[in-house]
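Inspection log for the structure reproduced underneath, given as structure tokens.
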Amino acid sequence: MPKCGSLNMSVPLRTLVVCGLLLMLTGTLQAQTEAPASAPAPSTSDQREPNPEEAQAQVPFEGIDWRLTAYRDESGPIISVTPRSRPTEFRFEAGRFSGSTGCNRVQGGYAVEGDTLRLGDGLAATRMACPEPLMKQETVIFKALQRVTGYRQGVDRLELTDDRGETVLSFTRIGATTGVTEDPTQALEGRTWVVEALAATPGILSPPLPGTRIDLSFDPRGRISGSDGCNRYLSGFMRTPSSLSFGPIATTQMACTATDGRAEQARTYAGLLGRVSAYRIEDGHLLLLDARGALLVRLRAIATN
């Protein structure tokens with residue numbers, strides 16, 4: 001353990017803080033030893049138990065689930081997260097953060113002092129290959145993380161800023177109102193949607209194969225899950241009042257009989273989800289549409305147990 005009396009810039013921040021506390025305590029003991037016996041005791045009115053809520057308020061964005069919604073290139077404007085990325089969830093807690101760039105998971109340390117925020121040098125990430133738009137997005141997000149020097153927080157919003165005070169990363173609290181109608185009859189979440197028909201052939205809707213069930217569920221964290229009639233699948237989604245898109249589909253690897261058509265149907269369904277750009281809910285049915293408004297998949301809502 002390094003000596004507290006020496007100044008060593010390579011000493012970790014945690015060690016320096018501990019040394020500072022030791023020096024402070026030593027100084028207090030010395031002052032009490034030198035004080036005359038008749039020195040008055042400290043007023044009890046100046047002493048009180050620390051308030052945990054006040055300590056929590058010092059780092060207000062900790063312990064909250066955030067979704068990264070936009071980022072800034074070094075020389076460009078703010079850019080919205082690619083709609084077809086994986087859920088870009090982040091969390092800051094106890095000096096450590098973790099999150100997703102839409103492609104890979106990223107994690108590291110951070111330190112907060114007032115409105116100054118410094119992310120640690122130990123930035124680490126997984127190394128999964130993704131489509132080119134997501135890889136490009138990831139590169140810019142990594143660079144933005146390294147430029148963070150401060151933060152601003154509003155109602156359900158968090159902005160990480162650079163040394164010029166410009167926003168480089170924007171977040172929305174998960175579960176916050178998104179501007180999408182809260183009409184229960186128009187909600188995607190809280191219901192299971194079962195496929196009634198899908199456009200296996202362009203312009204022609206056909207029911208799923210007999211004996212197979214394809215379903216879809218949405219959760220408030222921006223994720224979807226379900227069965228494609230062969231495997232379980234997972235992905236993320238992004239929605240506005242007028243648009244809906246899904247991220248890359250990840251599936252389990254349960255084998256389906258090559259001759260029964262279920263594997264081919266599953267591939268067709270995943271491909272249709274990848275083309276979804278909009279949606280409508282009509283009479284308890286969810287209609288998934290492409291960029292031209294053509295119907296790709298029709299689903300009906302069923303009660304969730």
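The values are calculated or read from the model by the stated rules, or taken from the named source; none is laboratory data. No experiment lies behind these values; they were computed from the predicted model shown. Quick reminder, even Gly has a Cβ in these numbers, built from the backbone with ideal geometry, and neighbours come from all protein chains shown.
Every residue, every condition in (1) under 22 Å from GLY190 (Cβ atoms); (2) outside any loop (DSSP other than H, G, I, E, B), yes or no:
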| residue | (1), (2) |
| --- | --- |
| ILE224 | yes, yes |
| ALA258 | no, no |
| GLN265 | no, yes |
| GLY271 | no, yes |
| ARG275 | no, no |
| GLY293 | no, no |
| ALA301 | yes, yes |
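Tell me yes or no: at least one residue of the range 205-212 is assigned by TED's automatic domain parsing to the domain that holds GLU282 and part of a strand (DSSP E or B). I'd like the intermediate steps shown before the answer.
To start, the set of residues in the range 205-212 that are assigned by TED's automatic domain parsing to the domain that holds GLU282 comprises 205-212.
Checking which are part of a strand (DSSP E or B) leaves us with 205-206.
Looking through the range 205-212, at least one residue is assigned by TED's automatic domain parsing to the domain that holds GLU282 and part of a strand (DSSP E or B).
Does VAL180 satisfy being closer than 23 Å to SER225 by Cα and at pLDDT below 90?
Details: closer than 23 Å to SER225 by Cα: yes; at pLDDT below 90: yes.
Here the answer is yes, as VAL180 does meet what is asked.
Please go through the range 250-293 and give me each residue that is of a type in the set (A, V, I, L, M) and within 20 Å of MET238 (Cβ to Cβ), ordered by number.
Matches in the range 250-293: ALA250, ALA270, LEU272, LEU273, VAL276, ALA278, ILE281, LEU286, LEU287, LEU288, LEU289, ALA291.
Taking the range 149-160 as the region of interest, how many residues are over 18 Å from the mean Cα position of the chain (by Cα) and in a strand (DSSP E or B)?
Counting residues in the range 149-160 that are over 18 Å from the mean Cα position of the chain (by Cα) and in a strand (DSSP E or B) gives 1.
I'd like to know if the range 44-56 contains one or more residues that are farther than 21 Å from ARG157 by Cβ, at pLDDT below 90 and either buried (at least 17 other Cβ atoms within 10 Å of the Cβ) or among the basic types (Lys, Arg) (or both).
Yes, there is a match, as at least one residue in the range 44-56 is farther than 21 Å from ARG157 by Cβ, at pLDDT below 90 and either buried (at least 17 other Cβ atoms within 10 Å of the Cβ) or among the basic types (Lys, Arg) (or both).
For the range 210-233, check the following and say yes or no: at least one residue is under 21 Å from ALA278 (Cα atoms), charged (D, E, K, R) and over 22 Å from the mean Cα position of the chain (by Cα).
Among the residues of the range 210-233, at least one is under 21 Å from ALA278 (Cα atoms), charged (D, E, K, R) and over 22 Å from the mean Cα position of the chain (by Cα), which makes the answer yes.
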